[in-house]
Structure formats: C-alpha cells, structure tokens
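Read through the structure below, which is laid out as structure tokens, and then see the notes.
The values are calculated or read from the model by the stated rules, or taken from the named source; none is laboratory data. Because the structure is a prediction, the values reported are computed rather than measured. Heads up, the Cβs are rebuilt from the backbone with ideal geometry, glycines too, and the neighbour counts pull from every protein chain shown. These accessible areas exclude ligands, DNA and RNA; they are computed on the full protein's heavy atoms, side chains included. Shrake-Rupley method; radii C 1.70, N 1.55, O 1.52, S 1.80 Å.
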Amino acid sequence: FAMFDIEEQVLTHPGIAEAEVIKFEINGLEYPAIVVVLKQEWKDKMGLFDINGKQLTPIEFDKVEVAYGYIIAKKEDACAMFDMDMNMILPFLYSNIVPFPEKQIIYVYYGESKGCVDFSGKKIIPGSYSSVWWEDDAVYIAEYSYPKDLEGLLDHKGNRLIPSAYEKIIHLDGTRYMAVRPKTQMIEVWDVANGNVLESDYAYDDILDDNF
C-alpha cells in the first residue's frame, strides 16, 4: 500500500526517528497523515506530513495532532490551533484546545479552568469556570466553590440565565429548568425567558405535580 512507501520515504529524513500513519476526519470523510518524531539531536520535536510525504507543519512542536480536521500543536506548556493549511486560528495561549465544529465552538483550557471561543477566536464563555458544557438549549457551567462547585446556566452568547448557586440544574422543557439548592436540597423551577423562579419546594413530586 502506497502509505507504507510514503512512511519509508519520510523515515529517510536524517532527523526523523519515528513515523506513524494516522487518520483524521473532515466533513465526514477520512484522510490519512503521518506524524513524525525527531531524533534526540533534533530535540525530539514533532511535525506532520501527509501521505504523499509533503510536510504540513514545521518540525518544531513538542506535540502535534489532528482533531476534527484541525491541527493542535503544543510548545512547552501552551497549545495553538491551525487549519490544515497551517493558518493560525488560536495562538499559543492555552493549556489544551478541543474543537467541536458541529457546535461551532472550541473548548479552551487555562490550566484547570475552562471556557469557549468561536472559530474566529472570539471569546464566548470566559475561561474561569471549573466546567463548561455546551448543549443545544444553553451552556451549563460550574464555578469553583467549597466544598463543591456550584452550577449555573448561560445562553450561547455567554449571558447569565441562572446564577451559579445550585448543586444541579436540569432542563425540563422549553425555557424551564429545575435547579437544586445545595445543603437544603430546595428545588426551584426557573423560567429563563423571564429570568424568575416559578416555584420552589422541598418535594420533587410536588414540583412535578404543579408543573406537568
């Protein structure tokens, strides 16, 4: 298979110690590429080659990989993101980068903290949360708190819908959410369209009877 011939060709480079064929996906189609590791005297840096032996990235990274059709490169403790033509999308500012093209967002990490940016690099969700999860209805976030992080809710533009004061937030239907207070376990039903609490009770069954 031609891919193995290309791998052998890449290995003839005097600075390359290892070469491995990988696959990545763009718009549902699989594409092969070759990741290389340089010899010790070349400072063990990594680069990316396509199956024809064409060099896609400089051989200067501590780590390089393809995720969802984008190149994630790492230098020391910082990551950056490029398209497959090596046009920079995000600079070397983050400890980790996870693109999600289907949601048109990129999760970015600052150490243990997490945020979101779009594919132009514009910040959507500040990188100050312990957890961020982008869903179709809203963005579920958690803020650092002792002894347990507290959950809140944002819209897709980063605007606050529900304060970070709850042990758990669950989407009921439409614009309504159930939120559980820590310690007391008080249950509140929020209507985020109006930004207010519709009802609160200690009994989950009573909340369901009144709201369904």
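Brief remarks on what is shown
- Lone unmet requirement of (1) part of a strand (DSSP E or B); (2) open to solvent by less than 40 Å² (accessible area, probe 1.4 Å); (3) not hydroxyl-bearing (Ser, Thr, Tyr) for LEU198: (2)
- Yes/no for GLU76 being of a type in the set (D, E, K, R), modelled with pLDDT under 85 and open to solvent by 60 Å² or more (accessible area, probe 1.4 Å): no
- Candidates ARG181, ARG160, filtered to the one that is modelled with pLDDT of 95 or more, charged (D, E, K, R) and open to solvent by 70 Å² or more (accessible area, probe 1.4 Å): ARG160
- Cβ separations smaller than 8 Å between residues 6+ apart or across chains give the following pairs from the stretch 179-191 residues that are part of a loop (DSSP other than H, G, I, E, B) to residues that are among the charged types (D, E, K, R): ARG181/GLU167; ARG181/GLU188; PRO182/LYS148; PRO182/GLU167; GLN185/GLU167; MET186/ASP201.
- A count restricted to the stretch 128-144 and to residues that are open to solvent by less than 30 Å² (accessible area, probe 1.4 Å) and in contact with a helix residue (DSSP H, G or I) (Cβ under 9 Å, 6 or more places away or on another chain) stands at 1.
- For the criterion of being open to solvent by 40 Å² or more (accessible area, probe 1.4 Å), under 21 Å from the mean Cα position of the chain (by Cα), closer than 30 Å to ASP77 by Cβ and of a type in the set (S, T, N, Q), SER120 passes.
- Check on GLY115, crowded, with 20+ Cβ neighbours inside 10 Å and among the small types (Gly, Ala, Ser): yes
- Here ILE125 clears all of (1) open to solvent by 10 Å² or more (accessible area, probe 1.4 Å); (2) without any contact (Cβ under 8 Å) to a residue 40 or more places away in the chain except the condition numbered (1).
- Filter result (over 24 Å from GLU25 (Cβ atoms) and open to solvent by 60 Å² or more (accessible area, probe 1.4 Å)) within the stretch 93-112: LEU93, TYR110, GLU112
- When GLU167 is tested against (1) touching a Pro at 6+ places or on another chain (Cβ under 6 Å); (2) under 22 Å from GLY69 (Cα atoms), only condition (2) is not met.
- Counting the residues of the stretch 79-92 that are open to solvent by less than 60 Å² (accessible area, probe 1.4 Å) and at pLDDT below 95 gives 3.
- Restricted to the stretch 184-195, and to residues there that are open to solvent by 60 Å² or more (accessible area, probe 1.4 Å) and over 20 Å from PRO147 (Cα atoms), the residue that is modelled with the highest pLDDT is ALA193.
- Of residues in the stretch 47-73 being among the charged types (D, E, K, R) and not in a strand (DSSP E or B), the one modelled with the highest pLDDT: ASP62
- Checked against (1) within 30 Å of TYR166 (Cα to Cα); (2) over 20 Å from the mean Cα position of the chain (by Cα); (3) of a type outside the set (A, V, I, L, M, F, W, C), ASP85 passes all but a single condition, namely (1).
- Contact map, the stretch 14-33: residues that are assigned to a loop (DSSP other than H, G, I, E, B) paired with residues that are open to solvent by 50 Å² or more (accessible area, probe 1.4 Å), Cβ distance under 6 Å, separation 6+ or inter-chain. Pairs shown: GLY15/LYS39; GLY15/TRP42.
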